[in-house]
1. Work out the length of the dipole vector of the range 80-158 about its Cα centre, built from +1 on the beta-carbon of each Lys and Arg and -1 on the beta-carbon of each Asp and Glu, and round it to the nearest 20 debye.
2. Evaluate 2.2 N^0.38 Å with N set to the residue count of the range 143-275, then give the Cα radius of gyration divided by it.
3. Please order 269, 244, 12, 38 by the number of other Cβ within 10 Å, starting at the fewest.
4. Which entries of 69/268; 30/69; 66/259; 30/259; 30/215; 103/215 have Cα-Cα distances beyond 18 Å here?
5. Above 14 angstrom, tally the Cα pairs of the range 1-82 and express them as a % of all pairs, no decimals.
6. Give, in nm to one decimal, the length gained when the segment between residue 268 and residue 168 is fully stretched (0.36 nm per residue of separation minus the Cα-Cα distance).
7. Rounded to the nearest 20 debye, what is the charge dipole size of the chain about its Cα centre when +1 sits on each Lys and Arg Cβ and -1 on each Asp and Glu Cβ?
8. Build a GNM of the chain with springs between Cα atoms under 10 Å: which of 188, 41, 92 gets the top mean-square fluctuation?
Amino acid sequence: MSTTQRPIGLFDSGIGGLSVLNAIQQALPKERLLYFGDNAHIPYGDRTLREIRSFSAAITRALLGKGCKMIVIACNTASAAGLKVLREAYPHTLFVGMEPALKPAAERSRSKVVGVIATTATFQGELFASVMERFARDVQVLERPCPGLVKAIEAGELESASTEVMLRGWLEPMLAQGMDQLVLACTHYPFVRPLIERICGPIVQIIDPAPAVAKQVERLLEQRGLLASGTGPATPIRGWTSGDIDTFTSLVEKLDTPKFEVQQAFWKDGELSLP
Ligand code: DGL
């Protein structure tokens, strides 16, 4: 297969990365996409950076084994833990990762109070510290880990009363401090955006970085002459989960994202197999 026609591999701890896959498919409909959700190890956000790094390296190996021309780490937590190390370990591989979108938030903020919601592990990584140093000089940043939110989203609780109570508990104090920008720094969180919008009201601008990440994918592929060619749509998305296929599939049905058939992936002795 010519290099341009090779797939782009995406991964996340579960369904979160589908918010990124959606944006990539809309921007680049000719690209072949592979998606892996590591539901056997979800949530990543409560694990050590070392553990997440080791999962991410094994997933990268498995996706490269499928001939991927680029790896998109469609998970803020895995990007925080592993992006730098993976780039060093695979210097010839193109990686795109998630970075908390503090730059646009700081630029747009009038109140100069910006909120970031993410997993606990994302706030612990070097990546967050570097983003803070680069872009948060003139703003106050309210950092809010949201333990339990990824689990609720994976359970399909996108609009439930209990998810709303959790979100109110985190967001209302941030609103009281004058936040006017809210960065979604976990790829699962766009799936509860309607609820977040209801709680935050029209004054708060919500920033989901997925479209910017899709643009970055396009830019990089174009620079390297790797954009898929042809006139028709790409072949169907291939997806795997290391968790329960039925649970994963029924959740995908519920989301406003592309549909695809899901296959079983297996972990064995620290290596991932994607049949
Ligand atoms: N979607 C992942 C992220 O972007 C969720 C991590 C988790 O499993 O806790 O951070």
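Every read-out reported here was derived from the displayed coordinates using simple, explicitly stated rules and does not represent laboratory data. Keep in mind the model is a prediction, meaning the values are calculated, not measured. With ideal geometry, Cβ positions are generated from the backbone for all residues, glycine too; neighbour counts draw on all protein chains shown.
1. Roughly 260 debye, rounded to the nearest 20.
2. In units of the globular-protein estimate, the range 143-275 measures up at 1.30.
3. In increasing order of surrounding Cβ atoms, one gets 269, 244, 38, 12.
4. Distance filter (> 18 Å) returns 69/268; 66/259.
5. 60 percent
6. Once the chain is fully extended between residue 268 and residue 168, it gains 32.0 nm.
7. Using Cβ point charges on Lys, Arg, Asp and Glu, the chain gives about 800 debye.
8. 92
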